[in-house]
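Read through the structure below, which is laid out as structure tokens, and then see the notes.
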Amino acid sequence: QVQLVESGGGLVQAGGSLRLSCVVSGRTFSNYAMGWFRQAPGKERKFVATISWSGGSTHYADSVKGRFTISRDNAKNMVYLQMNSLKPEDTAVYYCAASRYEGLRQVDYDYWGQGTQVTVSS
């Protein structure tokens, strides 16, 4: 079993930055690709970013390219999402997830955290 716990969410003004963190425990972290998804109120959960087990490959949703950066530290069992130039439309609950391979769909991921709220005010 793999456990994921997100942190770092909060309230920020438009144009500001936040860094989300996700700590993973339970199995060998470096075996998993990691992803971030988000779910806005009344909407479906959507892909944000993913990173390969080595950190050498990343993919982003078009809506966050150039503003968000996903990274990982395998020595610390951590994955991060640096979010810059935040917009009100980035408001959502952000979820960390683990997969045996890089994927862009929810079904590609086996384990999920509980989520952390990010609210961007205009």
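The values are calculated or read from the model by the stated rules, or taken from the named source; none is laboratory data. Everything quoted here is computed from the prediction, not taken from an experiment. Positions of Cβ are backbone-derived with ideal geometry, glycine not excepted, and every protein chain shown enters the neighbour counts. Calculation scope for accessible area: heavy atoms of the full protein, side chains included, ligands and nucleic acids excluded. Shrake-Rupley method; radii C 1.70, N 1.55, O 1.52, S 1.80 Å.
Only one of these conditions is not met by GLY103: (1) touching a residue at least 24 places away in the same chain (Cβ under 8 Å); (2) part of a strand (DSSP E or B). Which number is it?
(2)
Going by the conditions given, is SER71 assigned to a strand (DSSP E or B), of a type in the set (S, T, N, Q), closer than 22 Å to VAL5 by Cβ and in contact (Cβ under 8 Å) with a residue 40 or more places away in the chain? Show your work before the answer.
On the way: assigned to a strand (DSSP E or B): yes; of a type in the set (S, T, N, Q): yes; closer than 22 Å to VAL5 by Cβ: yes; in contact (Cβ under 8 Å) with a residue 40 or more places away in the chain: no.
No; evaluated as a whole, the condition is false for this residue.
So which of GLN39, GLN3 is open to solvent by 50 Å² or more (accessible area, probe 1.4 Å) and farther than 14 Å from THR116 by Cβ? Before you say what the answer is, go through the steps one by one.
Numbers: GLN39 fails: farther than 14 Å from THR116 by Cβ.
Matching residue, one of GLN39, GLN3: GLN3.
Taking the stretch 87-122, which residues are farther than 21 Å from GLY42 by Cβ and open to solvent by 50 Å² or more (accessible area, probe 1.4 Å)?
Within the stretch 87-122, ARG100, TYR101, GLU102, LEU104, VAL107, ASP110 meet the criteria.
Select from the stretch 48-60 the residues that are touching a Phe, Trp or Tyr at 6+ places or on another chain (Cβ under 9 Å), assigned to a strand (DSSP E or B) and open to solvent by 40 Å² or more (accessible area, probe 1.4 Å) and write down the one among them that is nearest to VAL93 (Cα to Cα).
Step by step, filter the stretch 48-60, then rank; the result is TYR60.
Could you tell me whether ASN84 is open to solvent by 50 Å² or more (accessible area, probe 1.4 Å) and over 22 Å from ARG27 (Cβ atoms)? Reasoning before the result, please.
On the way: open to solvent by 50 Å² or more (accessible area, probe 1.4 Å): yes; over 22 Å from ARG27 (Cβ atoms): yes.
Taking the combined requirement at face value, the residue satisfies it.
Are there any pairs with C-beta distances below 7 angstrom linking a residue in the stretch 40-63 that is on the phi < 0 side of the Ramachandran plot to a residue that is outside any strand (DSSP E or B) and among the aromatic types (Phe, Trp, Tyr), with the two at least 6 apart or on different chains, and if so which?
TRP53/TYR32
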